[in-house]
Every structure is written in C-alpha cells, then in structure tokens.
1. Taking strands (runs of 3 or more DSSP E) that do not extend beyond the range 208-279, which have at least 1 residues that are of a type in the set (D, E, K, R), more than 20 Å from residue 161 (Cα to Cα) and touching a residue at least 24 places away in the same chain (Cβ under 8 Å)?
2. Within the range 151-194, count every residue that is of a type in the set (Ser, Thr, Tyr), farther than 30 Å from residue 7 by Cβ and either open to solvent by 20 Å² or more (accessible area, probe 1.4 Å) or in contact (Cβ under 8 Å) with a residue 40 or more places away in the chain (or both).
3. Name every residue in the range 136-150 that is acidic (Asp, Glu), in contact (Cβ under 8 Å) with a residue 40 or more places away in the chain and open to solvent by 40 Å² or more (accessible area, probe 1.4 Å), in order of residue number.
4. Suppose we filter 131, 192, 177, 186 for residues that are in contact with a Leu (Cβ under 6 Å, 6 or more places away or on another chain) and either closer than 29 Å to residue 97 by Cβ or modelled with pLDDT of 95 or more (or both); which single one remains?
5. Given 80, 90, 55, 111, which one is hydrophobic (A, V, I, L, M, F, W, C), at pLDDT 95 or above and surrounded by 15 or more Cβ atoms within 10 Å (Cβ to Cβ)?
Amino acid sequence: MSSQVRGLLASGFGQLRHEPTAKRIQAVLGGETVVDSTRAVLVWEPRRIVPSYAVPVEDVRGELVPVGLAADSPDDEVGVALGDVTTLRVLDPRVPFTMHSTPGEAVDLRVAGQVRPGAGFRPADQDLAGLVILDFGAFDAWYEEDEQNVAHPRDPFHRIDVLPSSRQVRLELDGQLLAVSSRPVLLFETMLPTRYYLPRADLTAELVPSSTRTWCAYKGQASYFSASVGGRLVPDIAWSYPDPQHDAARVRDLIAFFDERIDVILDGQRRARPVTPWS
C-alpha cells in the first residue's frame, strides 16, 4: 500500500525530532558573537512545526544558569488546527519558546552583560545530551554561514517553488471582485496552500498600506495592505514582498491575498477556503 508523503511527514509531529546540519551557525547579542558552532542540530519539540537551533553547550560564549524543570507545558488545546495535515493542534511560532512540550531543564543565558531569561532549554533526551536548544528570538541576529537568517531556522525539509502561470485567477470577497488575472505567479510551499501573487494592475480592489510587517525564513519581510471592499476596510488581507529572499525573487512587489479569508476561483472552479494559522 502506498503512503502519501505528506502523511509520513506529519506522522512525526507528536514526537521529539532532530536533524544535524552541516551549516556553521552563529548568533549575535549586544554586538558580540555569542554562539558559534559547526556542530549544530535542528530540533523540533513535539507538535512544533518549525525547528530551533541546538548547539553543544561549549559553543555558547556565556553562562547557562539552570532555572529548574520546565513546567509551562502546552495542553492539547493550545496551538492551531491544520486539518488537512494532522489531527494534532500544532505549535506555530506564535507559541512562546518558553512553552516546552518535552521534558527538560530551562536555563537563563547570561552573556555580554545581559540576561536572557529562559533563552535555553536542555531536553531530557539521551540523543540530545550535551546540547542546549536556543530561543531564536532571544538574540539580535542569526547567521547560517555568512547569510543572516530571519524569523526562525530554515527547515531542510521545507521548500518553496515559485512558478509563472497562465491560469485564470479570480478573487472575490462577499461577492465583490478583488482581482482577476491570467498572469499570476504561483508560490508552492511545503504543507501550505498555494499562494497566488498578482500584478498590481490586475487588482480592482483599492489597497491601503498597513503598518503590519511579518518575517518568513524563506521569503523575507512582508508588507501588508488592507482592502476597501463594499464600503468597508478589511484589515491586513493582502501582502507583498518588496525585497524578497533569493528563493522568492519572482514575487517581488506582487500582491497575494489570504485564501483563508476570501474566495478563489481558479480556471472557473471555486476553491474551498483552506484552514491554516491565518484562517
């Protein structure tokens, strides 16, 4: 019997997982490099959908101060549903690092005259003995080799494909036309719905720039827009990447909408709204 690969990938979500990386990993705090390792490991705690960096404790240039067993464990109702991926509620990056889903010891990091409470975690697992998992957000900058990383560590099993298309895409909200295009650029991303990036000239909705910004490890920093639809302003319904990472260069300055909140008609067929953390 054949197995769908998506199911195989999702079958491990409830487990503690790790994967060594050959990349040199560095972290900067207060202008100083305080983590420098060629022995890093990517670690996914149970139900986490993005990894964290773990390094040997001796590759951290600071003091790791134990603060006791981690007690802040998420229950089964914490997290978001991804119904077409797994029955578990998964922990996306909005769930704080300090909320751990595997046994272990939390540690504070004292370095460069600063204290980062709970910035480290030493899991009680023999396969990860001697490693400390680090909070990406507790540092000023991270580097994979000499390229700065943003948002979270890159997952080697996660990828994006960006392809030009001639398929007709029509976007609507409450029966109001937002855009129609026969020259979309389609962005395919592991475990996520296809995103349709459209030229601004193909939009009929009026967009109002928002102050909202988000960061993606694979695409870069996104700028958001609200849309004026039927006399009301729908906040942060669309986004664009004015200066994308190299893998997403083809979507530069194009506009995408949250499929979760609008209706997408692709080649005349209305698509079901996907369920994701952005629903």
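1. Per the criteria, 232-240, 263-266.
2. 2
3. 140, 145
4. Exactly one of 131, 192, 177, 186 is in contact with a Leu (Cβ under 6 Å, 6 or more places away or on another chain) and either closer than 29 Å to residue 97 by Cβ or modelled with pLDDT of 95 or more (or both), namely 186.
5. From the options 80, 90, 55, 111, the qualifying one is 55.
For (1) open to solvent by 20 Å² or more (accessible area, probe 1.4 Å); (2) modelled with pLDDT under 95; (3) under 23 Å from the mean Cα position of the chain (by Cα), each residue gets a yes or a no:
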residue	(1), (2), (3)
8	yes, yes, yes
25	no, no, yes
28	yes, no, yes
34	no, no, no
71	yes, yes, no
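The values are calculated or read from the model by the stated rules, or taken from the named source; none is laboratory data. Note that the structure is predicted; figures quoted are calculated from it, not measured. Methodologically, a virtual Cβ is constructed for each residue, glycine included, from the backbone with ideal geometry; neighbour enumeration extends over all protein chains shown. Side chains are part of the model used for accessible areas, which takes the heavy atoms of the whole protein and leaves out ligands, DNA and RNA. Shrake-Rupley method; radii C 1.70, N 1.55, O 1.52, S 1.80 Å.
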